[in-house]
1. Only one of (1) in contact with an Asp or Glu (Cβ under 7 Å, 6 or more places away or on another chain); (2) part of a helix (DSSP H, G or I) fails for residue 420. Which number is that?
2. Condition (residue is at pLDDT 90 or above, closer than 20 Å to residue 185 by Cα and either acidic (Asp, Glu) or part of a helix (DSSP H, G or I) (or both)) applied to the range 228-245: is it met by at least one residue?
3. Here is a list of conditions, (1) under 27 Å from the mean Cα position of the chain (by Cα); (2) not in a helix (DSSP H, G or I), and residue 108 meets all of them except one; can you say which number that is?
4. Can you spot a residue in the range 96-105 that is under 24 Å from residue 440 (Cβ atoms), hydrophobic (A, V, I, L, M, F, W, C) and surrounded by fewer than 19 Cβ atoms within 10 Å (Cβ to Cβ)?
5. It is to be established whether one or more residues within the range 212-224 are surrounded by fewer than 14 Cβ atoms within 10 Å (Cβ to Cβ) and either in contact (Cβ under 8 Å) with a residue 40 or more places away in the chain or in contact with an Asp or Glu (Cβ under 7 Å, 6 or more places away or on another chain) (or both).
6. Of the conditions (1) under 16 Å from residue 137 (Cα atoms); (2) modelled with pLDDT of 90 or more, residue 25 satisfies every one except a single condition; which number is it?
7. Pull up the range 289-323, narrow it to residues that are of a type in the set (Val, Ile, Thr) and touching a Ser or Thr at 6+ places or on another chain (Cβ under 8 Å), then point me to the one that is surrounded by the most Cβ atoms within 10 Å (Cβ to Cβ).
8. Given the criterion closer than 20 Å to residue 275 by Cα, at pLDDT 90 or above and of a type in the set (Gly, Ala, Ser), identify the matching residue among 201, 205.
Amino acid sequence: MSNNLRQFLTQSRLMGISSVTALLMMATGANAQPQVLDKIIAVVDDGVVLQSEYEERVLEVQARATQMNMALPPPDALREQVMESLVIENLQLQLAERVGIRFDDDTLNRVITDLAESSNMSFEQYVSALQAQGVYTQTRERIRRELAVNEVQRGMVNRRITITDQEIDNYLSSEAGRMAMSPDYLVDQILIPVPESDSEAVRQAKEAFARELYDRLTAGADFAQVRMEAQQSAAANPPQGFQVTGGELGWRKADQLPSLFVDIVPALTVGQINEPVRSANGFHLIRLSDVRGDSTRLVKQTEARHILIAPSEIRTEDQARRLAESVHQRIVDGEDFAVLARQFSDDTMSVVAGGDLGWVSDGGMPPQFEEQIRSMEVDQLSAPFRTSFGWHVAEVTGRREQDLSRDYQRQQAENALRQRKFDIELENWMLEIRDEAYVKTIN
């Protein structure tokens, strides 16, 4: 069978769950109450493919082909490829079962809630719509299967992929890598044109007008509203009113911006507006509306240490609290924090280091503990405080802002390279598990 058909069928199974649900509804709508005699049509290792699964998948493929205006092959060829797709899916589901990949009802309900929200419906409305189409049970089962297959693919294929430091270096130094890693900017502007025919007095008046708009914007006025009001004012007062144009430029890389913008935009922060700047076209007010893919990562970090006294089968809550108070007082009296941590702390991860937690980025500590640490000054010792882990005595030993841009950029490069390899390795892995499987079709 053709590679195009095989790819189409694979993409049909790998589609987003919302699209699969839509196709289920379309397919069922075209055949309101399909009557299928359910029976086993293939044995796949320890599993089976049912006639109902096959019929459902054919309807989905036909619905998607109609949606994409794509011609399908003759029925025999379509049957062969649909069956092959179901066999490989069945093998993956068996593997997911063996390794313990399961998703409970709460997880399925969360996915359905997300699908409902994307359709501007409540959970109950979405479920009712699925039930009205007769595909609610099918949808829940397809969600469960999709989640399981995606998870087993992620686990099995990623372990086959190796990304070396040299590959990351090569990617980052390549033109494709530099383009992919560079940020995209969403830029908006207000332009007050200054044609060559303008006198010096008119030019100065337009510059003053641009400055007036800038002052309004920096005082908090909405950018789009100011532009619209300036345009309306110009249209209502010809010829004295100045022409005003502009608008969003769309998402662009820095080298895709107009030459005037290239040096200005990257230096702006999101929401910042540049002072009026003159070009051959006129005076520009430039606003950076948003940025995505920015590799700049300045992260606030805290260095701290702690002693954890946890209640246990041999230590009551009150005993744990009183021991924490005793340890705290001994530190206040001058005893060494690290020595006491090694003697008393129940935190096995930090006890050897004398309670030292090292440098931790904001958000990297348990919420209750981080809330206490955030309120402390450097070199401040806390009074004993309680979290879900037990009683703590903590000390902040340092704070800093760390530039993790290089680490972030390399992680992004690794992700891009992994994604490049994933599809190839996925295809190889699926061919391998298919070759090793016992499959018997039943006519």
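The values are calculated or read from the model by the stated rules, or taken from the named source; none is laboratory data. These numbers were taken from a predicted model, which means no experiment stands behind them. Neighbour counts run over all protein chains shown; Cβ positions are idealised from the backbone, glycine included.
1. Here residue 420 meets the rest and fails (1).
2. No - not one qualifying residue is present in the range 228-245.
3. Condition not satisfied by residue 108: (2).
4. no
5. Yes.
6. (2)
7. Per the stated criteria, the residue is 307.
8. Working: 201 fails: closer than 20 Å to residue 275 by Cα.
Just a single option satisfies the conditions, and that option is 205.
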